Amino acid sequence: MWFAKLLASWNVKVLLLVDKFRGTLSAREAIDVVVSSAPSWAEVRGIGLSDGGEGLLDAISVERFPVMVHGPLGAQVQAEFGRSADGAALIEMAKASGLTLAGGRELNDPIAASTIGTGELIKAAIEKGFQSIVVGCGGSATTDGGFGSFEVLRTLRGFDRVELTCLHDVETKFLDAAKDFAPQKGATSKQVEFLRRRLMGTAQIYSGVYGISPMEVAGSGAAGGLAGFLYCAGATLVRGFDYVAEVLEVARAVEECDVVVTGEGLLDAESFNGKVVGEVVQLARAASKPVFLLCGDSALSSGHNYFDESIKAVTMAELVGIDRAVNEPYSSLALAASELFEREIAQYR
């Protein structure tokens, strides 16, 4: 008994805080791979996170409710909303109006793409009796300023009495949603200008209906301006990572570990702009914990300034090549995790 306790005291407590590896692994799947790859001296605890966009339900939902809604381009899609432990409805807008549902930027129609389905999810939650609704904005196909949702909800009985919270991971203002994000959704330069003018008209409509404008509100451009509509309708705008981290008591978990590991599919400049990886790095640093990155690939240049060279990153692509990393994500991540444990984390034994 005493010997087992002694051995346990020598274990390195590793806290794994990861986002999804988009297109290959969910956060939960990535955690399972890393845990199974850990050496005997590592005591690994994994928590799947979200910045408030995609992965929100996986991170904090305790129950799911399937709903048929209109997808971003009008076709019926099977979506769902969730329930949090404290009884709020959780809406992950990407499940109804996401770019993936539109077939990616190549098949998306950035002008026609609508948030009608997200409004239908909110409507379904209200009709089921939820009085508190949290909407995660991220991964959208849309730049409609939330107008599709507005059309669904503006006359819905009970919508004006619901407590709304809008989760966002950007500080982008309403009109800037066009130039900042529409190109990623397939928009040409001419379409970006059209979308910007349309957002201006949409903001005027909201001002007339709600008596308030989303134009100068930081974060109102999230999800192509959906956050701006929700703000005008009475929502409180909250940084998505902060909300999820508080629910999951991430700060306490960081304090209790020896080493932090975070990661996602692609490490790039946006990873440090309100996203999971950047926020976890800041939490670890504030707690004076060593932090390492485990990712599918990196698009950062060698001269980046997002984190200093003391934070080491191991990517699947550098070990096995990008094709194998994408096509064989389980074995590739297992190899990268083993490399990280032996190359970097072993020094904390």
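Some observations on this one:
- The listed residue being aliphatic (A, V, I, L, M) and over 17 Å from residue 113 (Cα atoms), out of 237, 199, 226: 237
- Residue 146 vs. criteria within 15 Å of residue 227 (Cα to Cα), touching a Phe, Trp or Tyr at 6+ places or on another chain (Cβ under 9 Å) and touching a residue at least 24 places away in the same chain (Cβ under 8 Å): yes
- Residue match in region 221-231 (condition: crowded, with 23+ Cβ neighbours inside 10 Å and within 15 Å of residue 47 (Cα to Cα)): no
- Residues that are assigned to a strand (DSSP E or B) and either of a type outside the set (D, E, K, R) or in contact with a Ser or Thr (Cβ under 6 Å, 6 or more places away or on another chain) (or both), drawn from region 33-67: 42, 44, 46, 47, 48, 65, 66, 67
- When region 274-299 is filtered for residues that are among the small types (Gly, Ala, Ser) and in contact with a helix residue (DSSP H, G or I) (Cβ under 9 Å, 6 or more places away or on another chain), the ones remaining, listed by number, are 274, 278, 284, 286, 287, 296, 298, 299.
- Failed criterion for residue 208 (all others in (1) in contact with a helix residue (DSSP H, G or I) (Cβ under 7 Å, 6 or more places away or on another chain); (2) part of a helix (DSSP H, G or I) hold): (1)
- One residue from 87, 145 being modelled with pLDDT of 95 or more, small (Gly, Ala, Ser), surrounded by fewer than 24 Cβ atoms within 10 Å (Cβ to Cβ) and part of a loop (DSSP other than H, G, I, E, B): 87
- Residue count for region 243-291 under the criterion of being modelled with pLDDT of 95 or more, within 20 Å of the chain's Cα centre (by Cα), surrounded by fewer than 17 Cβ atoms within 10 Å (Cβ to Cβ) and in a helix (DSSP H, G or I): the result is 3.
The values are calculated or read from the model by the stated rules, or taken from the named source; none is laboratory data. The structure presented is a predicted model; accordingly, all values stated were derived computationally and were not measured. For neighbour counting, all protein chains shown are included, and Cβ atoms are generated from backbone atoms with ideal geometry for every residue, glycine included.
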